[in-house]
Each structure stands twice: as C-alpha cells, then as structure tokens.
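Data block below; observations after.
The values are calculated or read from the model by the stated rules, or taken from the named source; none is laboratory data. Here the structure is a predicted model, which means the values were calculated and not measured. Counting neighbours? That spans all protein chains shown, and the Cβs are built from the backbone with ideal geometry, glycine included. Accessible surface areas use protein heavy atoms only, side chains included; no ligands, DNA or RNA. Shrake-Rupley method; radii C 1.70, N 1.55, O 1.52, S 1.80 Å.
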Amino acid sequence: MCDLCKNVRIFWLFAITTLALNVAHAQTDFYDQGMKSYRSKAYDKAAYYFDLAIKKSPKEDKLFFMKGKCKVELEQYNEALDNFTQASNLLPQ
C-alpha cells in the first residue's frame, strides 16, 4: 500500500472515531442534564434533555424510560405509556 493511501486511511479512521466519541459524549451530556433536571423536579426540562439524548441514541432504552417517568410526573400518561412501550421494545429479548 502506498504511503498516501496509508495516510488517507489513518485520517479516515481517526475522523470516524472522533465523530463516534463526540456523539456518545453528547448523548451522555444530555442524559446527565436530564437526570439533574429530574432530580430537581424540573420534569419538562428533563423530558427535553432526554429527547435530545434520544435523537443522538435512539436505541437506548433507559432514555425512553426516564422520559416516560417525566411524563408521569407531568400527568401526561398517554405519552408516558408510549415512552415505556418504546423502552420495553428496546430491551434485549
């Protein structure tokens, strides 16, 4: 393999790894903010942060579960049920 090809390959591996880490970090930041807001009983704000985390990691059951808990506290039971159902569907079989 030529040196240029090796350098291009290394660049792309670095770029993909960096992007993946940034997405994971963003999801964690949103989750942490959601948990902080939930503990402070700012349920609207917490649901908003869990929503942002879900957009970054739509296969994480805990995000839907926590958003569902927020919706229960906000007495939005249909939305809570939808979130709990989604969380349940994401659990390993």
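Which pairs have Cβ atoms under 7 Å, sit 6 or more apart or on different chains, and link a residue in the stretch 74-93 that is free of Cβ contacts under 8 Å to residues at least 24 places away in the same chain and within 22 Å of residue 39 (Cα to Cα) to one that is of a type in the set (Lys, Arg) and open to solvent by less than 80 Å² (accessible area, probe 1.4 Å)?
What qualifies is 79/71; 80/71; 83/67; 83/71.
I need the full set of residues from the stretch 32-51 which are touching an Asp or Glu at 6+ places or on another chain (Cβ under 9 Å) and open to solvent by 30 Å² or more (accessible area, probe 1.4 Å), in order please.
Matches in the stretch 32-51: 38, 41, 43, 49.
Please specify each residue of the stretch 50-73 satisfying the condition of being over 18 Å from the mean Cα position of the chain (by Cα) and without any contact (Cβ under 8 Å) to a residue 12 or more places away in the chain.
72
Restrict the check to the stretch 23-40 and report whether at least one residue is among the polar types (S, T, N, Q), at pLDDT below 95 and not in a helix (DSSP H, G or I).
No, because not a single residue in the stretch 23-40 is among the polar types (S, T, N, Q), at pLDDT below 95 and not in a helix (DSSP H, G or I).
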